[in-house]
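A quick write-up on the structure given underneath.
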Amino acid sequence: MTVAGIRPQRIAGIVQETVTEILMTGGIRDPRVANTDDVIVVTFVRVADDLGVAWIYVSIRGEHVKETLAGLRSATKYLRGEVAKRMRAKRLPELRFELDTEAEREVRVEQAFREIEEERRLRAGEGAPPAGAGGAPPAPDAAAGDHGDEDDEDDEDDDEGE
């Protein structure tokens, strides 16, 4: 890593630590942030190489996401002052709050994985059906294999038509 890359990372760490601490202690007085039941998590901070801007990515869970984000954005002057108290720099980055949509995708993917694992545990706990018993659901590999055969039939039809 270059020396130029170390400084933005260090500043990003200070910004993330400062903003997280202020959020946890209720330091933002804007009612859109202070009076909300929404959960706000700073997922990461990225600082431009020229140190001019720090993008603060947040994940907000609750009913008032847009309002809470607007409240955070209105508190940037206060937050920038708090960051300035914790670091020595000639130039402080402008703070910009952004919703971390990737975090939301991760949550949906993790939920899907949990559902798949739960389904597998349920199937494993049921045991194998007695020999000759009908109505057993196909194994996941068999279902994938059946789907693949349908594609093969379509390929054959395409060849015959030419």
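The values are calculated or read from the model by the stated rules, or taken from the named source; none is laboratory data. As the structure is a prediction and not an experimental result, all values here were calculated from the model. Every residue, glycine as well, gets a Cβ built from its backbone with ideal geometry; the counts of neighbours run over all protein chains shown. Each accessible area value is taken on the protein alone, full model and side chains, heavy atoms only, with ligands, DNA and RNA left out. Shrake-Rupley method; radii C 1.70, N 1.55, O 1.52, S 1.80 Å.
Quick notes
- Sparse-neighbourhood loop sites, trypsin sites (Lys or Arg not before Pro) in region 1-66 - DSSP loop, at most 15 other Cβ within 10 angstrom: ARG29
- Solvent exposure, largest accessible area first (probe 1.4 Å, DNA, RNA and ligands not counted), of GLU21, GLU104: GLU21, GLU104
- Cross-link partners for LYS66 among the lysines, with Cα-Cα distance under 23 Å and sequence neighbours closer than 8 places in the same chain left out: LYS77.
- Region 1-107, accessible area per residue, ligands and nucleic acids excluded (1.4 Å, Å²): 62
- Of the listed residues ILE22, ILE14, the order by accessible area with a 1.4 Å probe, largest first, is ILE14, ILE22.
- Length available on full extension from GLU119 to VAL39: 0.36 nm per residue minus the Cα-Cα distance, which gives 25.8 nm.
- With the charge dipole of region 17-69 set up from +1 on Lys and Arg Cβ and -1 on Asp and Glu Cβ about the Cα centre, the Cα lying farthest toward the positive end among the listed residues VAL33, TRP55, VAL19 is that of VAL33.
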